[in-house]
Amino acid sequence: MFDFGKITSWFDGLLRDTLGLGNFWSTFIECVIIGAVILVAYAVFAIILIYMERKVCAWFQCRLGPTRVGKWGLLQVFADVFKMLQKEIFFVDKADKLLYLLAPFLVLIASVGTFSFLPWNLGMQVLDFNVGVFLLTAISSIGVVGIFLAGWGSNNKFGVVSAMRGAVQMISYEMSLCLCLITAVALTGTMSVSGIVESQSNAWLIFKGHIPAIIAFITFIIAGNAEANRGPFDLAEAESELTAGYHTEYSGMGFGFFYLAEYLNMFVIAGVAATVFLGGWMPLHIAGLDGFNTVMDYIPGFVWFLGKVFLLVWVLLWIRWTFPRLRIDQILKLEWKYLMPLSLLNLILMTIIVAFGLHW
């Protein structure tokens, strides 16, 4: 497995030793380049996911989806972006302008921040701390504040109802998300994202953790779908009830930021699930099949990672376009009566398995 850390170390040595730049300028240049790469990757994957959802949705509904703008409708997303960039950005009367303008940026910051924690390959990770799982959940929580401020700051009755729904839903389902991640931490013994991936070199966590790992994985997918405000948990954007919910009063790129964040949050949920439960960039290894394992090692790590992520994204799209939207009482009942108690019991079961060494 190729280590991209060799490339980053070479580039760092080029700036510091060969070009003779000091510590400040070397770090500054590296941060600028990394920031640009993150933003470009963020935009590219948003375009891919929007097009993918339109085609998958059309397939489920027995229709074609976008076909006219470009071959197979490939340029439709670019046309939508161009249209959005031309739209006027207006301010709502009697709205809190500070909160109104701040909300889209908070949602985007939370999305980009969590996106930066994803390990794409060995040595190909932007942020990696010894408490990475904790920071990942902390940064993702900023998105709740952004959604709440968007609805409240717009001074719109639909937006306020949407903000209340979104806040209570996302805060509730964060409990199950965190418990699932703690279950993985209990098994791997580390909160570092790269450490969790490396601990799965002999077997993915969903296999080595037995039934508790499978339960945690399924619960994480369900809670993550709710955390990303995706159907059937999209009560905050219920078009038939709330027009467009918390972003009803937004236009242009104000709306565009919410639109981007929604799709990248789906990618982040799939990426974290793939990292924690499906080995991240680790290839599939089967004990005793050395020839098979050797062939799997030839596949680049980022190919493994993206393959797992897009498989889970397809599952999330399948869920959205299959199940009807739930009521708010049903959503909260599912979390507080079923998912959270199940996650707590599952964490206790995983702790027993780890304590007695019953895992692989």
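Subtracting the Cα-Cα distance of residue 302 and residue 142 from 0.36 nm times their residue separation leaves 54.8 nm of extension gain. Shown here is the pair-distance distribution of the stretch 165-324: with all Cα-Cα distances grouped in 10 Å bins from zero up to the longest one, the shares run 10, 34, 31, 16, 6, 1 percent. The Cα-based radius of gyration of the stretch 1-144, divided by its Kirkwood radius, gives an Rg/Rh of 1.07. Debye-formula intensities of the stretch 71-228, expressed as log10 I(q)/I(0) at q = 0.09, 0.12, 0.14, 0.19 Å⁻¹, are -0.42, -0.70, -0.87, -1.17 (one equal scatterer per alpha-carbon, no solvent).
Counting only DSSP H runs of at least 4 residues, each contributing -39500 (n - 2.57), and dividing by the residue count of the chain, the helix-based mean residue ellipticity at 222 nm comes to -21500 deg cm²/dmol.
Which distance in Å, rounded to a whole number, links the C-alpha centroids of the stretch 125-177 and the stretch 256-315? If we compute the Cα centre of each part, the gap is 24 Å. Ligands, DNA and RNA left out, the 1.4 Å accessible surface of the stretch 217-313 is 72% carbon and sulfur atoms. Taking every protein chain into account, the 1.4 Å probe leaves residue 338 with about 130 Å² of accessible area, to the nearest ten.
Screening the chain for DSSP H helices whose Cα atoms reach 24 Å or more along their own axis and whose mean Kyte hydropathy is at least 1.0 gives 23-60, 97-115, 157-188, 210-227, 252-277, 301-320. With K and R counted +1 and D and E -1, the other residues having a Cβ less than 10 Å from that of residue 229 yield a net charge of -2. Accessible surface calculations at 1.4 Å, restricted to protein heavy atoms, place the chain at 49 Å² per residue.
A Stokes-Einstein calculation at 25 °C with viscosity 0.890 mPa s, built on the Kirkwood radius of the chain over Cα pairs, returns a diffusion coefficient of 112 µm²/s. By the Cα gyration tensor, the stretch 1-73 has an equivalent ellipsoid whose semi-axes, rounded to whole angstrom, run 43, 13, 9 from largest to smallest.
Fully extending the segment from residue 33 to residue 293 would add 90.1 nm, taking 0.36 nm per residue of separation and subtracting the current Cα-Cα distance. Taking only C-alpha pairs under 8 Å that are 6+ residues apart, what is the relative contact order of the stretch 1-156 in percent? Computed value for the stretch 1-156: 26 percent relative contact order. Within 14 Å, Cβ to Cβ, of residue 205, how many net charges do the neighbouring residues add up to if Lys/Arg are +1 and Asp/Glu are -1? Local net charge: +1. Its relative contact order, with pairs defined as Cα atoms under 8 Å and 6+ residues apart, puts the stretch 263-360 at 25 percent.
Only Cα pairs under 8 Å and 6+ residues apart enter the sum, and on that basis the relative contact order of the chain stands at 22 percent.
Close amide H pairs (under 5 Å, H built 1.01 Å from N) link residue 124 with 4, residues at least 5 positions away or on another chain. Mind giving me the FRET efficiency for residue 134 and residue 211? R0 is 25 Å, r the Cβ-Cβ distance, nearest 0.05 is fine. Step by step, r from the Cβ atoms, then E = 0.45. Rolling a 1.4 Å probe over the protein heavy atoms of the stretch 115-196, with every protein chain left in place, gives an accessible area that is 75 percent carbon and sulfur. Estimated from the Cβ-Cβ distance and a Förster radius of 30 angstrom, the FRET efficiency linking residue 48 and residue 328 is about 0.40.
On full extension, the segment bounded by residue 61 and residue 74 gains 2.7 nm, given 0.36 nm per residue less the C-alpha separation.
Here is the link list: 94/333; 6/308; 55/83; 208/333. Which ones come out longer than 27 Å on Cα distance? With Cα atoms farther than 27 Å apart: 94/333; 208/333. When you work out D = kT/(6 pi eta Rh) for the stretch 197-264 at 10 °C and 1.306 mPa s, using the Kirkwood radius from C-alpha pairs as Rh and the Stokes-Einstein form, the result is 109 µm²/s.
The values are calculated or read from the model by the stated rules, or taken from the named source; none is laboratory data. Since this is a predicted model, take the numbers as computed values, not measurements. When we count neighbours, we look across all protein chains shown, and the Cβ atoms used for this are built from the backbone with ideal geometry, even at glycine. In case anyone asks, the SASA skips ligands and DNA or RNA and just uses the protein heavy atoms, side chains included. Shrake-Rupley method; radii C 1.70, N 1.55, O 1.52, S 1.80 Å.
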